[in-house]
Amino acid sequence: MAGASLLALLDDIATILDDVSAMTQVAAKKTAGVLGDDLALNAQQVAGVKADRELPVVWAVAKGSFINKAILVPAALAISAFAPWLVTPLLMLGGAFLCYEGFEKLAHKYLHSETEDSVHRVELMHAVADPTVDLLALEKDKIKGAIRTDFILSAEIIVITLGTVAAASFGKQVAVLTGIAIVMTIGVYGLVAGIVKLDDAGLYLSQRANAAARAFGRVLLAAAPKLMKLLTVLGTAAMFLVGGGILVHGLPVLHHAVEAIAPASGVLAVLVPLLADALIGIGIGALVLGAISATKRLLKPT
């Protein structure tokens, strides 16, 4: 009897772990858009920091990210336990915010000249090179800004994950939310650390005696800035896809409309809903940005 009970317990544990693993994979896929943007934004946060201080800055932001998630995960669990009706509205708000954030990036790109951005970067580099500038204060400002950005993106990740496991038991919710929080933080900041040191690795290899190492080093040096740009583009596109997808699935009218235009099978059956999600995400982002801009103008003192 004891042996049978033990086997039953082990089977229950295995089933729970399998469920948790499956739900974690689904949650990870749904939060991939936020992850891509999180990665790009946090890698950019250390731009202008001296090379020997890049990793300490990344580590400081990573610690802040763990603290953010230590606050957000219990808050999400409390919402799920005591106000589960809030999950869907929070998901919709998170989706709308993703669309807004993505569209705001597009608007910034096309409404601000490259000259303005170049001037800002030059000013930052001069500040770092100036011996009279308090680099420690500059680092702290960068770290605080990155942690604030991380809090917003972490909240999006946690809310999306909570929506994925809203119907699961409390124990599974704890396991999935905690797992996603840990994996996402380690994954993002591990990759950020690798990206910000990519040019250093390229410089090191480009100075080696071995011709193959020098060639690979030059490739890394050339690839580092292109990788940053690619991450930004992919992150922005993913925000429209994920945010638009959340809104489409949360609004039955949009969901049925997308289902009606999507073919039943084939490649278009996958591409059409994705394109619809992206277009809806762009449209919602434009509306939210317009509403926020109009509100700021109305509230601005004359």
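Filter the stretch 173-221 down to the residues that are polar (S, T, N, Q), closer than 30 Å to residue 76 by Cα and open to solvent by 40 Å² or more (accessible area, probe 1.4 Å) and list them by number.
The first filter runs over the stretch 173-221 and keeps only residues polar (S, T, N, Q), leaving 173, 178, 185, 206-207, 210.
Right, trim to closer than 30 Å to residue 76 by Cα and you get 173, 178, 185.
The answer is 178, and nothing else.
Mind checking which pairs have a first residue in the stretch 71-85 that is touching a residue at least 12 places away in the same chain (Cβ under 8 Å) and a second that is of a type in the set (Gly, Ala, Ser) and part of a helix (DSSP H, G or I), Cβ under 6 Å, 6 or more apart or different chains?
That search, which allows pairs on different chains as well, returns 72/154; 72/155; 73/181.
Name the single residue that is farthest from residue 157 (Cα to Cα) among those in the stretch 222-248 being open to solvent by 70 Å² or more (accessible area, probe 1.4 Å) and of a type in the set (A, V, I, L, M, F, W, C).
Ranking the candidates gives 230 first.
Residue 168 - would you say it is in contact with a Leu (Cβ under 9 Å, 6 or more places away or on another chain) and open to solvent by less than 40 Å² (accessible area, probe 1.4 Å)?
No.
List pairs: first residue in the stretch 210-230 and β-branched (Val, Ile, Thr), second residue open to solvent by less than 70 Å² (accessible area, probe 1.4 Å) anywhere in the structure, Cβ distance under 8 angstrom, at least six positions apart or on different chains.
219/202
Restricting to the stretch 254-302, and then to whatever is of a type in the set (Ser, Thr, Tyr) and modelled with pLDDT under 85, can you tell me which residue is most open to solvent (accessible area, probe 1.4 Å)?
302
For the stretch 66-91, what are the residues that are in contact with a helix residue (DSSP H, G or I) (Cβ under 7 Å, 6 or more places away or on another chain) and more than 15 Å from residue 167 (Cβ to Cβ)?
66, 68, 69, 72, 73, 90
Name the pairs: first residue in the stretch 185-197 and in contact (Cβ under 8 Å) with a residue 60 or more places away in the chain and more than 17 Å from residue 158 (Cβ to Cβ), second residue of a type in the set (Val, Ile, Thr) and assigned to a helix (DSSP H, G or I), Cβ to Cβ under 7 Å, at least 6 apart or on different chains?
Listed by first residue and then by second, the contacts come to 192/58; 193/58; 196/58.
The values are calculated or read from the model by the stated rules, or taken from the named source; none is laboratory data. Please read all numbers here as calculations on a predicted model, not as lab measurements. With ideal geometry, Cβ positions are generated from the backbone for all residues, glycine too; neighbour counts draw on all protein chains shown. To get the accessible areas, we keep the full protein, side chains included, count just its heavy atoms, and leave off ligands, DNA and RNA. Shrake-Rupley method; radii C 1.70, N 1.55, O 1.52, S 1.80 Å.
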